[in-house]
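The values are calculated or read from the model by the stated rules, or taken from the named source; none is laboratory data. Here the structure is a predicted model, which means the values were calculated and not measured. Don't worry about glycine lacking a Cβ; one is built from the backbone with ideal geometry, like all the others, and counts go over all protein chains shown. Each accessible area value is taken on the protein alone, full model and side chains, heavy atoms only, with ligands, DNA and RNA left out. Shrake-Rupley method; radii C 1.70, N 1.55, O 1.52, S 1.80 Å.
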Amino acid sequence: MSGPIRLIVSDIDGTLLRQDKSLSDGVISAVGRARTAGIAVSLISARPPSGMLWIAKRLELTGVIGAFNGGTIVRPDGTVVSADQLEPECAARALALLEHPAVTPWLFSGGLWYAQATDDVYVPRERRAASIEPIIKDDFAALLAHPDKIVGVSGDHALLARLDGEIAAALGQFATVGRSQPYYLDITAPQANKGDGVAALAAAIGVPLANVAVLGDERNDLPMFARAGLSIAMGQGPDAVRSAADQVTLSNEEDGAAQAIDNIILMEASR
């Protein structure tokens, strides 16, 4: 750890939330204890702002939070402070690269979620996470002005892992490509990654990165692990994520975020 922790930035799914997408009283209480100790708390997620605001409210957060992997910075009232979006040509190419019988594309733009059908097994899950209803469109061609995120959705995890590398190589510096879940392959603007996102949040709140602790559970959290003063992985995270972290806490089902706040961050702050 590079210095005293003054800001905690936490991922949401698989970190703050349990598998049923609930926010436990234990986590809420631990965040309250951090705030009482003078440590600011923020959120960063692949979710759109609509899926984050209720959590910020429950946690009584007052500072900015990062949606779309930090590409969109918003206030807890939903006001957008800044947004990095895909260029139209890159978005069109991303959709073309996702064309596969086993992959379903989604597109997020202007606070809306576009899908091509509602019978996909992942639609109810995203409906709950995003807190919005999908708009059904057969063709996304007219929606490519400045999309916030394109997602390739598939139950074939091995296929998405392969496409992850192939699409990242194909789009290069024009996009950030990575899986937020084994079944979601996210494509966002180059600066819409959790490394740049946590840097933007820290700058907005006025805290050096050396004094930031980050909590996460998936591969898209690795860029912020690399930049923060303290990185903490959830116990159920993949080996690559846990090995990249400075510390490992309990799983999200065991309120690992609360344990990390109480037994790692606040414990260190009290020394």
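For the range 157-233, with all protein chains in place and a probe radius of 1.4 Å, 57% of the accessible heavy-atom surface sits on carbon or sulfur.
In the full protein context, the chain carries 41 Å² of accessible surface per residue, based on a 1.4 Å probe and ignoring ligands, DNA and RNA.
Other residues lying with their Cβ under 15 Å from the Cβ of Leu222 contribute a combined charge of -4, Lys and Arg counting +1, Asp and Glu -1. For the chain, a crude dipole built from +1 on the beta carbon of Lys and Arg and -1 on the beta carbon of Asp and Glu, taken about the Cα centre, is about 720 debye to the nearest 20. Taking other residues whose beta carbon is less than 10 angstrom from the beta carbon of Gly152, and scoring Lys, Arg as +1 and Asp, Glu as -1, yields -2. Per-peptide packing, taken as the mean over residues of other Cβ atoms within 10 Å, places 111-120, 133-142, 189-198 in the sequence 189-198, 111-120, 133-142 from highest down.
A DSSP coil position with no more than 14 other Cβ atoms inside 10 Å describes the following trypsin sites (Lys or Arg not before Pro) in the range 1-48: Lys21.
Okay, helix-only estimate at 222 nm for the chain: each DSSP H run of n ≥ 4 adds -39500 (n - 2.57), divide by all residues, round to 500 deg cm²/dmol; what do you get? Computed mean residue ellipticity for the chain: -8000 deg cm²/dmol. Structural descriptor for the chain: relative contact order 23 percent, calculated from alpha carbon pairs under 8 angstrom and at least 6 residues apart. Charged side chains reduced to their Cβ positions (Lys and Arg at +1, Asp and Glu at -1) give the range 105-218 a dipole of some 240 debye around its Cα centre. Counting only residues at least eight positions apart within a chain, or on another chain, the lysines with an alpha carbon under 22 Å from that of Lys57 are Lys21, Lys194.
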